[in-house]
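Data first, discussion second: the structure below is written as structure tokens.
The values are calculated or read from the model by the stated rules, or taken from the named source; none is laboratory data. Since we're looking at a predicted model, the values are computed, not measured. So basically every Cβ, Gly included, is an ideal-geometry build from the backbone, and we count neighbours across all protein chains shown.
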Amino acid sequence: MSLLSEQLGNSQFVVTAEIAPPKGTDLSEALAAVEKLTGITAVNVTDNQGANMRLSSLALAARLQQQGTETVLQLTCRDRNRMALQSDLLGAASFGIENLLLLSGDHSKFGDHPDSRPVFDLDSVQLLDMTAGLMAGTDMAGKFLDGVPEFFPGAAVNPAAEPFELMFQKVAKKVDSGARFFQTQSVFDRETLERFMLAMQPLQVPVIAGVLLIRSARMARFLNDNIPGVQVPETLVQRLDSAEKPLTEGVKIAREAVAWARELCQGVHLMTLGHEDEIPEILA
Amino acid sequence: MIISELKPFEELQQALADFDKLFIVGCAACATACKSGGEDEVFKFQEWLNEQGKDATGSVIIDEACHIARAARDLRHHKTALQDADALVVLACGSGIQSISSNVDKRVVGGLNSMFLGNVRRFGQYEEMCSLCGDCILNETAGICPVTTCAKGLLNGPCGGMEDGHCEIDAEIECAWSLIYERLKSQQRQGVFARRVPPKNWSRRIQPGRYRLKDGER
Ligand code: SF4
Ligand code: SF4
């Protein structure tokens with residue numbers, strides 16, 4: 001059983017962080033960044049995040065897992081058809097990777113290979129269903145597996161999405177399809193999180209709230225214009241704009257979000273994008 | 001109908017570099033309707049050829065260029081002009097171009113890029129609403145196709161990139177799932193939201209598609 005599933009099962013407040021594989025084969029920076037992480041249950045390894053081609057998330061996650069770091073393997077439907085997804089999941093299990101974050105994936109239009117053909121053979125609900133099938137010992141063709149994987153499948157959600165009811169029906173489908181935890185898109189205001197957690201209550205699935213460290217007003221504006229599903233409210237942009245030390249203000253904003261999560265959720269997922277050394281401050 | 005557009009002139013200049021005398025083929029169906037290969041366009045193309053110092057030996061607008069036998073019949077009426085030509089230029093969709101290329105021994109140059117099966121929003125404005133998946137889900141989705149009009153072809157609801165009911169790849173476009181949701185709600189039914197939609201059966205859409213009416217149906 002993974003540490004993440006154990007801690008969530010015991011209603012412990014969990015902290016996850018995330019790391020992006022390098023563009024290239026030099027793992028030293030990524031490994032050093034993971035080295036610096038303290039007080040963390042598991043680290044998410046992103047999968048061609050933002051549709052930018054990088055070293056495979058499975059390769060880095062396998063490496064980390066083998067050196068004793070618990071990972072959450074992110075897997076998107078954008079770059080693989082159902083056969084490749086199943087193979088990669090079996091491969092992941094063979095390296096002892098249990099925690100999964102199963103995603104549709106950002107459209108390739110946003111990344112550095114906009115000319116590529118996006119796959120989306122499955123969507124995230126179908127990917128969860130398929131994973132449940134593998135855990136029950138059969139592949140999508142109904143064939144029996146020789147050696148059955150053990151996973152702790154998670155899914156993503158954007159609690160701020162509108163229409164809320166429409167977004168939430170998919171959350172419910174994901175739970176039906178075996179999502180055992182949720183990691184959310186970055187949350188920027190308390191009411192949004194509250195509304196979402198209220199709706200989640202009957203489903204009884206732990207929620208790990210996404211907290212993003214925003215370094216500057218410029219970064220906030222960039223996110224608003226370029227990253228699907230991320231909308232930093234104008235009040236926060238103003239705060240960063242007028243702060244003497246924007247990074248310190250960013251840490252403060254993140255710390256506020258962590259406080260809401262401690263009150264309302266089962267954990268936080270910290271997205272610090274290279275500023276992993278600020279994590280103790282954010283959690284303070 | 002099939003939406004197509006004229007290839008860039010530089011590309012056409014290169015494709016036609018080796019030929020001086022050309023026979024032009026247009027199509028009276030889709031390419032006429034979307035103004036890429038009708039009478040007007042064939043005429044303009046002929047003028048352009050002249051500007052390039054080339055000759056048109058003749059031209060024909062085929063009823064439906066995708067109809068292989070009809071294309072053959074129409075071409076037969078232009079024997080001499082065809083004989084005089086070094087090559088044919090076809091202003092029709094990719095299907096039309098191939099009807100022609102399978103009917104003549106001469107080189108065939110395609111003049112258009114074919115884009116999608118399109119609906120006409122208003123004159124000159126086309127939108128793709130169906131991508132011919134072979135297993136239609138419209139009856140459950142209030143007549144709005146997620147396979148085509150969702151940028152990711154998702155079948156179980158919106159992705160995390162939806163913002164205020166708009167699509168992550170283009171803020172001008174409404175999210176297909178938001179439209180489906182609104183219309184089902186106004187019809188007071190659950191439709192596709194009542195179940196988890198299983199993965200699509202893409203074997204219904206094996207390439208190349210082939211279909212034959214059964215004897216009694218012909
Ligand atoms: S589901 Fe969409 S793509 Fe498939 S046949 Fe119906 S309209 Fe066309
Ligand atoms: S925003 Fe809606 S239409 Fe656009 S890709 Fe996501 S689900 Fe599809």
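Points to keep in mind about this one:
- Just one of the listed residues (B:203, B:131) is among the hydroxyl-bearing types (Ser, Thr, Tyr), touching a residue at least 12 places away in the same chain (Cβ under 8 Å) and more than 13 Å from ligand 2 (Cβ to nearest atom), namely B:131.
- Among residues of the stretch B:168-186, those that are without any contact (Cβ under 8 Å) to a residue 24 or more places away in the chain, facing chain A (nearest Cβ under 9 Å) and among the hydrophobic types (A, V, I, L, M, F, W, C), counted: 1
- Residue check for residue B:182: within 15 Å of ligand 2 (Cβ to nearest atom) and assigned to a helix (DSSP H, G or I): yes
- Summed over the stretch A:38-60, the residues that are farther than 22 Å from residue A:266 by Cβ and either touching a strand residue (DSSP E or B) at 6+ places or on another chain (Cβ under 6 Å) or of a type outside the set (D, E, K, R) (or both) give a count of 13.
- The residues on offer are B:155, B:117, and the sole one that is farther than 19 Å from residue A:162 by Cβ, within 16 Å of ligand 1 (Cβ to nearest atom) and surrounded by 20 or more Cβ atoms within 10 Å (Cβ to Cβ) is B:155.
- Output for the stretch A:257-281, where each listed residue is surrounded by fewer than 16 Cβ atoms within 10 Å (Cβ to Cβ) and in a helix (DSSP H, G or I): A:259, A:262, A:263, A:277, A:280, A:281
Each row is one residue, and each column tells you yes or no for (1) in a helix (DSSP H, G or I); (2) charged (D, E, K, R); (3) at positive phi.
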{"site": "A:60", "(1), (2), (3)": "yes, no, no"}
{"site": "A:65", "(1), (2), (3)": "yes, no, no"}
{"site": "A:69", "(1), (2), (3)": "no, no, no"}
{"site": "A:80", "(1), (2), (3)": "no, yes, no"}
{"site": "A:84", "(1), (2), (3)": "yes, no, no"}
{"site": "A:89", "(1), (2), (3)": "yes, no, no"}
{"site": "A:92", "(1), (2), (3)": "yes, no, no"}
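- Tally, over the stretch A:106-123, of residues that are in contact with a Phe, Trp or Tyr (Cβ under 8 Å, 6 or more places away or on another chain) and closer than 28 Å to residue A:41 by Cβ: 0
- Per-region count, the stretch B:196-218, residues more than 9 Å from every other protein chain (Cβ to nearest Cβ) and either in contact with a His (Cβ under 8 Å, 6 or more places away or on another chain) or farther than 22 Å from residue B:129 by Cβ (or both): 11
- Helices (runs of 4 or more DSSP H) lying entirely in the stretch A:115-228 (those with 2 or more residues that are of a type in the set (D, E, K, R) and either out of contact with any helix residue (DSSP H, G or I) (no Cβ under 9 Å at 6 or more places or on another chain) or within 14 Å of chain B (Cβ to nearest Cβ) (or both)): A:164-176
- Sole residue being at pLDDT below 95, within 29 Å of residue A:210 (Cα to Cα) and within 7 Å of chain A (Cβ to nearest Cβ), chosen from B:153, B:160: B:160
- Number of the condition not met by residue A:244 [criteria: (1) of a type in the set (Asp, Glu); (2) assigned to a helix (DSSP H, G or I); (3) farther than 18 Å from residue A:16 by Cβ]: (2)
- Members of the stretch A:199-218 found to be surrounded by fewer than 16 Cβ atoms within 10 Å (Cβ to Cβ) and in contact with a Leu (Cβ under 9 Å, 6 or more places away or on another chain), listed by number: A:218
- Any hit, the stretch B:89-109, residues being within 28 Å of residue A:106 (Cβ to Cβ), more than 14 Å from chain A (Cβ to nearest Cβ) and away from ligand 2 (no atom under 16 Å from the Cβ): no
- Residue A:106 vs. criteria part of a loop (DSSP other than H, G, I, E, B) and more than 18 Å from the chain's Cα centre (by Cα): no
- Every residue from the stretch B:120-145 that is more than 26 Å from residue B:210 (Cβ to Cβ), out of contact with any Lys or Arg (no Cβ under 9 Å at 6 or more places or on another chain) and within 12 Å of ligand 1 (Cβ to nearest atom): none
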